[in-house]
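Below: one structure, written as structure tokens.
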Amino acid sequence: MEKTTLVAECPFCRDRGFDPAGRLVVFLNQDGPFHGYFRCQNRCVPGGFPLWFARLAALDLSEAPGFDPEREYFHQRAEFPVVNINTEIMQYHDRLTDDLIQEFSAAGIGRQVLDELQIGYNGRYIVYPYFQTDGNGYTARCVFPDRPQDYFWHGDEQLAAEEFQIFNIRDLLCCENGALFLCEGENNLLPLKQLGFPGLAVPYSPVLESIDPEIFAHVRTLFIVMVNSGESETAARALAARIGYKVRLLQWPAGLPRGYSVWQMARDRGGGFRDAIAAMIQSAKTFSPFPAPRFEHERFLRRLTAEQGTAYAAMQSGFSRLDAAIGGIHGINVIGGAPKVGKSMFMIQIATEMALRGIPVLYYDFENGRQKIYQRTLIRLSRMDVSTMRRQEWTETERQRYDDACRRVRRMMTAFRVVNDRKLTPELMRRHIDFLRHETSREYAVVVIDSLHKLPFKDLSERRTGIDAWLRQLEAIRDELQVSFLVISELTRGGDGSYREEPHLGVFKGSGDIEYSADNAMVLYPGDEHQDPAAARGRSNTLWLVASREHSPGPVASYALDYPYWGFVEEGGRIV
């Protein structure tokens, strides 16, 4: 014993032609991730953990620590061909020049590592052989020295597919119940192998998407070290999320250039490379899909403070009784109503009034067209009906009202965007929200969807599931981006074929998920004169709060049509 290391003569060397036998080193630090890892300093066999040792020594596996007789092992889903390129790989390895060996030596990599991994040279390209789990090589990646973007694959095309692009996969078989590294770039694995660590590599980070996380099912700890770039870190985190808690991501020290790698660190640090990589291993934390408790607490307090501020309080519809009933426009607010009851007009009025106060509003319109939205807003603000506006023979008062309304609409448009894109996706919606918030320098935003049942779906036959999927996305956007939604929904007809049924959650059309997703579900209930064109001036609707997470349901207020100015006027108060 030497502190926490066991040293002995290697029992495998002489059987493999090594004389004298090398030293076998076993790491017994129980607090470290490499507890139980052994390796021969002659590299006569790949290093590994107790079960691998038992297999090499032909011992009864039941005697080895960690043996599970019922464990099922991952097998690559492939029938390997009869023909391999093992002979070519050996020939390429024999062609390594003194200059190339010296180049590897500058990064601290000795001839033993090159021999173990069978690195070769074809006269122009460095050859990295890709051995598969059956021990044979069927492909190799040939990379031009000092120009990694210049490469090609040699060998069986089918086994050059991304799912097979794992360099040195044999180490995976040796590290059951143990730890190993996963690197980006074959040359970045070599300095770690020189230090005695087990590891795999992928040629470039996009390959991580094709890795089946099940191959690491029996690995206890997986260290992932990528090239220093945002793209590589994103790919590593995506893989870590699929694998789970056993992943530890190595982070590069601040100040290093983009593209910095293990290979460059080995060249730059020389004899200090071991300590540098050890520090990165020491600071690597177990990957977690959850934020740290401290950051979660800080985020909670920031949100709480923000909700006590004026920006949050300013999220008002402009209808005082509606704002009192639901506490302002926050969360997901679904408003249903019969056809032609004025749902769009109601939403346009709320949305444009909020935008006039500088609140960023995105209006996803699949009903009216942007020209109608702007025109009806101008009519409402100028108090000039369509016929008067088109006549253009105005009094001085009318001209003044019109010019003032035009100025207000122009100012409103800095915070108001109408989108008619029939190819809208949740990802595109997120980008629209980010852009508008950045452009207006506002923390909160409002999204209007007119209407829920006309959002884009892949297939009309999937409308029900499509609506529910959109509602799930709206929930996520609400929580991630602090966005409030105003969503128009269609209603189902009652038993008599009309829309006169007293409002309840079941009247919303085509989605049982509204009751789960909506923070507030409301219905604009038509008055008796709804279908009478002659009664337009006296038409009135009642807004009902059907269900709410935080507020009591019931009638909110009545809204009289402000004919012919495309708006509503709030009338009677909430019925208690």
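Structure values in brief
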| item | result |
| --- | --- |
| Peptides ranked, highest mean first, by Cβ atoms within 10 Å: ranges 183-192, 318-327 | 183-192, 318-327 |
| Two-decimal ratio, the range 379-429, of alpha-carbon radius of gyration to 2.2 N^0.38 Å | 1.63 |
| Charge dipole (debye, nearest 20) of the chain; +1 at Cβ of Lys and Arg, -1 at Cβ of Asp and Glu | 1980 |
| Along principal axes, Cα extents of the range 294-428, largest first, whole Å | 66, 34, 28 |
| The chain: angle of helix 343-356 to the longest principal axis, Cα-based, in degrees nearest 10 | 70 |
| Hz values of 3J(HN,Hα) by residue in the range 226-233 - Karplus curve (6.51, -1.76, 1.60), Gly and Pro given as x | 9, 5, 6, 7, x, 5, 5, 5 |
| Per-residue [θ]222 nm for the chain (sum of -39500 (n - 2.57) over DSSP H runs n ≥ 4, rounded to 500) | -10000 deg cm²/dmol |
| Cross-link partners of LYS454 among lysines (Cα-Cα below 28 Å; sequence separation of 8 or more within a chain) | LYS340, LYS343, LYS372, LYS423, LYS509 |
| Dipole-positive endmost among ALA235, ASN520, LEU173 within the chain (Cβ charges, Cα centre) | ASN520 |
| Fraction of alpha-carbon pairs over 18 Å apart in the range 79-185 - percent | 51 |
| Spin-label model distance (nm) - ASP31 vs SER320, 7 Å beyond Cα toward Cβ | 6.8 |
| Computed magnitude of the charge dipole of the range 5-63 (debye, nearest 20; Cβ of K, R +1, Cβ of D, E -1) | 240 |
| Calculated from backbone phi, Karplus (6.51, -1.76, 1.60) coupling profile of the range 104-117 in Hz, x at Gly/Pro | 5, 5, 5, 9, x, 9, x, 5, 5, 5, 5, 5, 4, 8 |
| Radius 15 Å from Cβ of PHE346, net charge of other residues (Lys, Arg +1; Asp, Glu -1) | -2 |
| Inter-label distance, nm, simple model (7 Å from Cα along the C-beta direction), SER62/THR286 | 3.2 |
| Relative frequency of Cα-Cα separations exceeding 18 Å in the range 5-63, percent | 33 |
| Over the range 86-283, equivalent-ellipsoid semi-axes from the Cα gyration tensor in Å | 24, 21, 16 |
| Diffusion constant of the range 350-502 at 25 °C, which comes from Stokes-Einstein with the Kirkwood Cα-pair radius and 0.890 mPa s, µm²/s | 140 |
| Equivalent ellipsoid semi-axes, the chain, via Cα gyration tensor eigenvalues times 5, rooted, Å | 69, 25, 22 |
| Ordering of 222-234, 427-439 by packing [mean C-beta count within 10 Å, highest first] | 222-234, 427-439 |
| Residues listed by number, the range 358-375, amide nitrogen under 18 Å from VAL386 label point at 7 Å toward C-beta | 367-375 |
| Built amide H within the under 5 Å cut-off of TYR525, gap 5+ | THR542, LEU543, TRP544 |
| Protection-proxy order for peptides 294-300, 211-217, 142-148, each taking the mean of Cβ atoms within 10 Å per residue, highest first | 211-217, 142-148, 294-300 |
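Every number here is computed from the coordinates shown, using simple stated rules; none is lab data. The shown structure was predicted, so the numbers you read here are calculated from the model rather than taken from an experiment. Note that we place each Cβ from the backbone using ideal geometry, even for glycine, and neighbour counts take in every protein chain shown.
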